[in-house]
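In what follows, a structure is listed as structure tokens, so that the remarks can point back to it.
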Amino acid sequence: MPDCIFCRIIQKKMPAKVLFEDTHFLAFEDINPKAPTHILIIPKKHIESLDTMVEEDEFAVGRLFMVARNLAREKKVHRSGYRTVINTGTDAGQSVFHIHLHLLGGRPMAWPPG
Ligand code: DGP
């Protein structure tokens, strides 16, 4: 997707602080962190949102959580706890339409989210 910011990051046409990369996934620091640890984990396949995922995307979306678990351990927030969030659509505040899992940690968090 030429006009997708995250596709541009995948293609290295835009800089990002990359923390993990393999053939099909990428994780990088959020540009506007909401917690001491705030990482975005994305599939390299352009999937717009959870709402537009199809059955063949099931593994990719599940794998986002395994990458998040590993990064939470690397960042040492796994004992204190962390939050994983996928915003879907306007009401949820999704602003980039390339599915991404937020990994937030390093501070206590309120519930319910605003
Ligand atoms: P969401 O609101 O769930 O769609 O989250 C999008 C996140 O993406 C938001 O926390 C800010 C982050 N973001 C937007 N543009 C960029 C960028 O160019 N680089 C990085 N690293 N993060 C970005």
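The values are calculated or read from the model by the stated rules, or taken from the named source; none is laboratory data. Because the structure is a prediction, the values reported are computed rather than measured. Neighbour counts are summed over all protein chains in view; Cβ atoms, including those assigned to glycine, are modelled from backbone coordinates with ideal geometry. Please note that ligands, DNA and RNA were not included when accessible areas were found on the heavy atoms of the full protein model with its side chains. Shrake-Rupley method; radii C 1.70, N 1.55, O 1.52, S 1.80 Å.
Taking each residue of segment 86-104 that is in contact (Cβ under 8 Å) with a residue 40 or more places away in the chain and looking for partners that are exposed (fewer than 12 other Cβ atoms within 10 Å of the Cβ) and of a type in the set (D, E, K, R) with beta-carbon atoms closer than 8 Å, six or more apart or interchain, yields 89/51. Counting the residues of segment 85-114 that are open to solvent by 70 Å² or more (accessible area, probe 1.4 Å) and either more than 10 Å from the ligand (Cβ to nearest atom) or over 23 Å from residue 18 (Cβ atoms) (or both) gives 9. Looking at segment 68-78, is at least one residue within 27 Å of residue 113 (Cα to Cα) and within 11 Å of the ligand (Cβ to nearest atom)? Looking through segment 68-78, none of the residues is within 27 Å of residue 113 (Cα to Cα) and within 11 Å of the ligand (Cβ to nearest atom). So is residue 60 away from the ligand (no atom under 15 Å from the Cβ), open to solvent by less than 40 Å² (accessible area, probe 1.4 Å) and either closer than 22 Å to residue 3 by Cα or not basic (Lys, Arg) (or both) or not? Taking the combined requirement at face value, the residue satisfies it. All conditions in (1) part of a helix (DSSP H, G or I); (2) among the aromatic types (Phe, Trp, Tyr); (3) crowded, with 18+ Cβ neighbours inside 10 Å hold for residue 65, with the sole exception of (3).
Within segment 10-53, the residues that satisfy the criterion of being aromatic (Phe, Trp, Tyr) and either outside any strand (DSSP E or B) or touching a residue at least 24 places away in the same chain (Cβ under 8 Å) (or both) are 20, 25. Filter segment 69-84 down to the residues that are in contact with a Phe, Trp or Tyr (Cβ under 8 Å, 6 or more places away or on another chain) and part of a helix (DSSP H, G or I), then identify the one that is surrounded by the fewest Cβ atoms within 10 Å (Cβ to Cβ). Within segment 69-84, the match that is surrounded by the fewest Cβ atoms within 10 Å (Cβ to Cβ) is 70.
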